[in-house]
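Single-structure report; data block below.
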Amino acid sequence: MIRNSMIAASLLGLALSASQPAFAGTRTVHYADLDLTTQAGQSKLDARLKTAAKAVCDLNRKDASAAEAEAGRECFAKALADARRAKSNIKPTALATR
């Protein structure tokens, strides 16, 4: 059965918006297409969390001052840690076979 738990997805989205600098936003991380019972599925979700945390914290910004760059790195570390904590609350499910 394909599960797209909006509660868990919302938790991940909220985790990526906690304690962010003023320039940060939020991102929703979808995972219904992943088989979270496998290492590959877990790795893909983690990669998506990293990508979302970078976007939320504007980590790839080229014109950031040193202080903004440091705030971005701190934001990224906090956002990723929060998202991984939320991820640990997701019950791993396999994709349905059709």
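The values are calculated or read from the model by the stated rules, or taken from the named source; none is laboratory data. A quick note: this is a predicted structure, and the numbers were derived from the prediction, not measured. Every residue, glycine as well, gets a Cβ built from its backbone with ideal geometry; the counts of neighbours run over all protein chains shown.
Only one residue in Ile2, Ile7 is at pLDDT below 90, not in a helix (DSSP H, G or I) and not small (Gly, Ala, Ser). Which one?
None of the others qualify; the one that does is Ile2.
Quick check on the stretch 24-31. Is at least one of its residues of a type in the set (A, V, I, L, M, F, W, C) and at pLDDT 90 or above? Yes: one or more hits. If we scan the stretch 78-89, do we find a residue that is more than 20 Å from Gly25 (Cβ to Cβ), outside any loop (DSSP other than H, G, I, E, B), free of Cβ contacts under 8 Å to residues at least 12 places away in the same chain and not basic (Lys, Arg)? For the stretch 78-89, residues more than 20 Å from Gly25 (Cβ to Cβ), outside any loop (DSSP other than H, G, I, E, B), free of Cβ contacts under 8 Å to residues at least 12 places away in the same chain and not basic (Lys, Arg): absent.
Restricting attention to the stretch 58-77, the residues that are of a type in the set (D, E, K, R) and assigned to a loop (DSSP other than H, G, I, E, B) total 4. Lys62 falls short on exactly one of the conditions (1) more than 25 Å from Ala40 (Cβ to Cβ); (2) at pLDDT 90 or above, and that condition is (2).
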